[in-house]
Amino acid sequence: MKLPATLRRDLGYGDVVRDPMPKPTKAARWKVSMGAARKYADSWARAYVRLKYPFCVTCGSTMILEWAHVLSGKGDAVKWDELNITRQCQRCNQLHESHPEHLYAWFWNAYGHRAFEELVVKSNQAVKLYPAGVCKIGDAWRERVRAMKGGKA
């Protein structure tokens, strides 16, 4: 069975993912809804995480991978922060909801306690985002994906 053009296999690990959303044109940015802007930023952040972590950072599994937030549900201040997003298998991501110490332990080993404390402080800051600003966040993630793929995205 041939997959539709909008679907592709992700790095041979078996999970089917949609291609990231196309970049909104500059003229249309002021008309973009916040929901569409969030989807745009999320899709490129997910694409980056897929390339950076082709495995679960908690257990090393390559089955049914999801993107995860170290500090989940903390609002927009750290939603797209590179240190806050990572990749976990479905089991570890569900476990993270009730026992976040497993992912915290990985974070402390990877980045240190000071980076974790700075992320917590940043997560407690109030931010006001607008669709154009969220599109710029998506553009930054798009450029990171392009750089990791060698100039093409």
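No lab work stands behind these numbers, since they all come straight from the coordinates. This is a predicted model, so every value here is computed, not measured. No Cβ is skipped: glycine too gets one built from the backbone with ideal geometry, and neighbour counts run over all protein chains shown.
Worth pointing out:
- Of the criteria (1) assigned to a helix (DSSP H, G or I); (2) of a type in the set (Phe, Trp, Tyr); (3) touching a strand residue (DSSP E or B) at 6+ places or on another chain (Cβ under 6 Å), which one Tyr104 fails: (3)
- Test for Cys56: is it over 27 Å from Arg146 (Cβ atoms) and surrounded by 15 or more Cβ atoms within 10 Å (Cβ to Cβ): no
- Filtered by the rule that a residue be in contact (Cβ under 8 Å) with a residue 24 or more places away in the chain and farther than 14 Å from Tyr53 by Cβ, segment 101-115 gives His102, Tyr104, Ala115.
- Between Ala110, Ala147, the distinction of being loosely packed, with under 14 Cβ neighbours inside 10 Å, closer than 23 Å to Thr58 by Cβ and among the small types (Gly, Ala, Ser) belongs to Ala110 only.
- Pairs, first free of Cβ contacts under 8 Å to residues at least 40 places away in the same chain and crowded, with 21+ Cβ neighbours inside 10 Å in segment 66-95, second outside any helix (DSSP H, G or I) and of a type in the set (Gly, Ala, Ser), C-beta under 6 Å, six or more apart: Thr86/Ala68; Gln88/Ala68; Cys89/Ser61; Asn93/Ala68
- Residue match in segment 120-135 (condition: under 14 Å from the mean Cα position of the chain (by Cα), surrounded by 13 or more Cβ atoms within 10 Å (Cβ to Cβ) and free of Cβ contacts under 8 Å to residues at least 12 places away in the same chain): no
Conditions tested, residue by residue: (1) in contact with a strand residue (DSSP E or B) (Cβ under 8 Å, 6 or more places away or on another chain); (2) of a type in the set (A, V, I, L, M, F, W, C); (3) part of a helix (DSSP H, G or I).
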position	(1), (2), (3)
Ser72	no, no, no
Trp80	no, yes, no
Asn93	yes, no, yes
Glu97	no, no, yes
Phe116	no, yes, yes
Lys122	no, no, yes
Lys136	no, no, yes
Ala147	no, yes, yes
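- Residue count, segment 104-114 (criterion: hydrophobic (A, V, I, L, M, F, W, C) and within 18 Å of the chain's Cα centre (by Cα)): 3
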